[in-house]
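All remarks here apply to the structure that follows.
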Amino acid sequence: MTINSAIVIDIIKSIAKTLAENKEYLTELDSAIGDADHGINMDRGFNTVLTKLPSLEGKDIGTILKTVGMTLVSTVGGASGPLYGTAFMRAGQAVAGKNEIDEKDILTIFEAALQGIKERGKAVAGEKTMIDALEPALKSYRDAVDNNIGLAEALNRAVDAAKEGMEYTKNIIATKGRASYLGERSIGHQDPGATSSYLLLQAAARVVNS
Ligand code: ADP
Ligand code: MG
Ligand code: MG
């Protein structure tokens, strides 16, 4: 199975819709251990991305993803803007010039995106961030691709792993970002960024499965 530029645009629309629907939820999570703006930040960023989509029709996937990244960097304040922005920009670089991508290309995208987040945020798994959803998701996705499971099912497994990772963030202490100011008091709360990462993957998988 392959994904073309039009499907990538559908995926971005799906992500924007999901983040809009979860704006209050994400902000509520951030109000417990941050500054109550994560849903607002993500929704603002992807709303601006939506306005750019008409000009991206017919463009290659690398250009589309790079534009999403640059838009997020310039419109989303806070930690999540540069982090998700870097992820999408790196993803775009990884498939520069391509009009069609397969599950292996998506693995390359996923690896580049997560690497970008880790470098930009100087964080690793276990610090109660979006990485705790994304890293297990990447591992599950890679295992599924190695086993020739097929793109749609591979993405579903990634979503399941992201959900588990997101839930696990409740049990750990934040050592990066605003939540780290709370130290042990961050325990018991689910990380907003891990939650938006899960939602983002779920929105992408939904399009591929439809
Ligand atoms: P801010 O904390 O600046 O208000 P957001 O609320 O939009 O930004 O995003 C917060 C999320 O960003 C956190 O829940 C966490 O998942 C993620 N985050 C914060 N710092 C880092 C980091 N250094 N590396 C990876 N993710 C991070
Ligand atoms: Mg915040
Ligand atoms: Mg903020």
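Just so it is clear, none of the values below were taken in a lab; they were calculated from the coordinates. On a predicted model such as this, the values are computed, not experimentally measured, just so you know. Using ideal geometry, Cβ is built from the backbone for each residue, glycine included, and neighbour counts are taken over all protein chains shown.
Observations
- Annotation: the residues 172, 3, 64, sorted from fewest to most other C-beta atoms within 10 Å of their own C-beta, follow the order 172, 3, 64.
- The residue list 107, 89, 5 was ranked by how far each Cα lies along the charge dipole of the chain toward its positive end, using unit charges on Cβ atoms, and 89 comes out on top.
- Placing +1 on the Cβ of every Lys and Arg and -1 on the Cβ of every Asp and Glu, with nothing else charged, gives the stretch 97-210 a dipole about its Cα centre of roughly 500 debye.
- Of the residues 34, 45, 58, the one whose Cα sits farthest toward the positive end of the charge dipole of the stretch 1-88, with +1 on the Cβ of Lys and Arg and -1 on the Cβ of Asp and Glu, is 58.
- Just so you know, the averaged projected area of the alpha carbon convex hull for the stretch 1-68 sits at 5.2 nm².
- Dipole magnitude of the stretch 1-117, debye to nearest 20 (Cβ charges: Lys/Arg +1, Asp/Glu -1, about Cα centre): 380 debye
- Ranked 38, 189, criterion: other C-beta atoms within 10 Å, fewest first: 189, 38
- Each of 137, 200, 69 was scored by the projection of its Cα onto the charge dipole of the stretch 69-210, and the greatest displacement toward the positive side belongs to 69; charges sit on the C-beta of Lys, Arg, Asp and Glu.
- Across all directions, the average flat footprint of the convex hull enclosing the Cα atoms of the stretch 122-189 is 4.6 nm².
- Cα centroid separation - the stretch 65-94 against the stretch 146-210, whole Å: 18 Å
- Between 0 and 90 degrees, the angle of helix 192-209 with respect to the longest Cα principal axis of the chain falls at about 20 degrees.
- Lysine pairs with alpha-carbon atoms under 17 Å apart, the stretch 13-76, spacing 8 or more or separate chains: 6
- Compared with the dominant Cα axis of the chain, that is its longest principal axis, helix 131-146 is turned about 30°.
- Only Lys, Arg, Asp and Glu carry charge here, each on its Cβ (+1 for the first two, -1 for the last two); on that basis the chain has a dipole of about 460 debye about its Cα centre.
- With q set to 0.10, 0.11, 0.16 Å⁻¹, the log10 of I(q)/I(0) for the chain, from the Debye formula over equal scatterers at the Cα positions, is -0.38, -0.46, -1.00.
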